[in-house]
1. Six or more apart or on different chains, Cβ under 7 Å: which pairs go from a residue in the stretch 43-57 that's surrounded by fewer than 17 Cβ atoms within 10 Å (Cβ to Cβ) to one that's modelled with pLDDT of 95 or more? Could you list them?
2. Yes or no: Ala12 touching a residue at least 40 places away in the same chain (Cβ under 8 Å) and within 18 Å of the chain's Cα centre (by Cα)?
3. So the check is Cβ under 9 Å with 6+ separation or different chains; which pairs have a first residue in the stretch 23-42 that's of a type in the set (Val, Ile, Thr) and a second one that's open to solvent by 80 Å² or more (accessible area, probe 1.4 Å)?
4. Please go through the stretch 41-66 and pick out each residue that is part of a helix (DSSP H, G or I) and either closer than 26 Å to Asn8 by Cβ or at pLDDT below 95 (or both).
5. Being at pLDDT 95 or above, part of a helix (DSSP H, G or I), surrounded by 14 or more Cβ atoms within 10 Å (Cβ to Cβ) and under 12 Å from the mean Cα position of the chain (by Cα): is that true of Gly26 here?
6. Hey, can you tell me all the residues within the stretch 1-23 that are assigned to a helix (DSSP H, G or I) and loosely packed, with under 13 Cβ neighbours inside 10 Å?
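The values are calculated or read from the model by the stated rules, or taken from the named source; none is laboratory data. Since this is a predicted model, take the numbers as computed values, not measurements. Positions of Cβ are generated from backbone atoms using ideal geometry, with glycine treated the same way; all protein chains shown enter the neighbour counts. Heavy atoms of the whole protein, side chains included, go into the accessibility calculation; ligands, DNA and RNA do not. Shrake-Rupley method; radii C 1.70, N 1.55, O 1.52, S 1.80 Å.
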Amino acid sequence: MELVDVSNVSPALFVTGVVFILLIGGLLSMGVLRFFQVKKRQGWFFMSGSALSLAAMVLIVDRWFS
């Protein structure tokens, strides 16, 4: 078993990742919940918000932490 060395991860990158993962996960779960409640319009809004958050996370991490 190999361990991953995370000592070079900056605190800013860690906090950014945590915030975006919580945002994306929350929006995604709310979208799935709204689909089960047959509120499709709200479900699509939450799903698109999750996709936009993912795209924003990729752009921010690529530009500021590369």
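1. Leu54/Ile24
2. So Ala12 fits the description; yes.
3. Hits for this filter: Ile24/Leu54.
4. Step one: filter the stretch 41-66 for residues part of a helix (DSSP H, G or I), giving 41-64.
Selection gives Ser53, Leu54, Ala55, Ala56, Met57, Val58, Leu59, Ile60, Val61, Asp62, Arg63, Trp64.
5. Values: at pLDDT 95 or above: yes; part of a helix (DSSP H, G or I): yes; surrounded by 14 or more Cβ atoms within 10 Å (Cβ to Cβ): yes; under 12 Å from the mean Cα position of the chain (by Cα): yes.
Yes, satisfied.
6. At the first step, the residues of the stretch 1-23 found to be assigned to a helix (DSSP H, G or I) are 11-23.
Those that are assigned to a helix (DSSP H, G or I) and loosely packed, with under 13 Cβ neighbours inside 10 Å: Pro11, Ala12, Phe14, Val15, Val18, Val19, Leu22.
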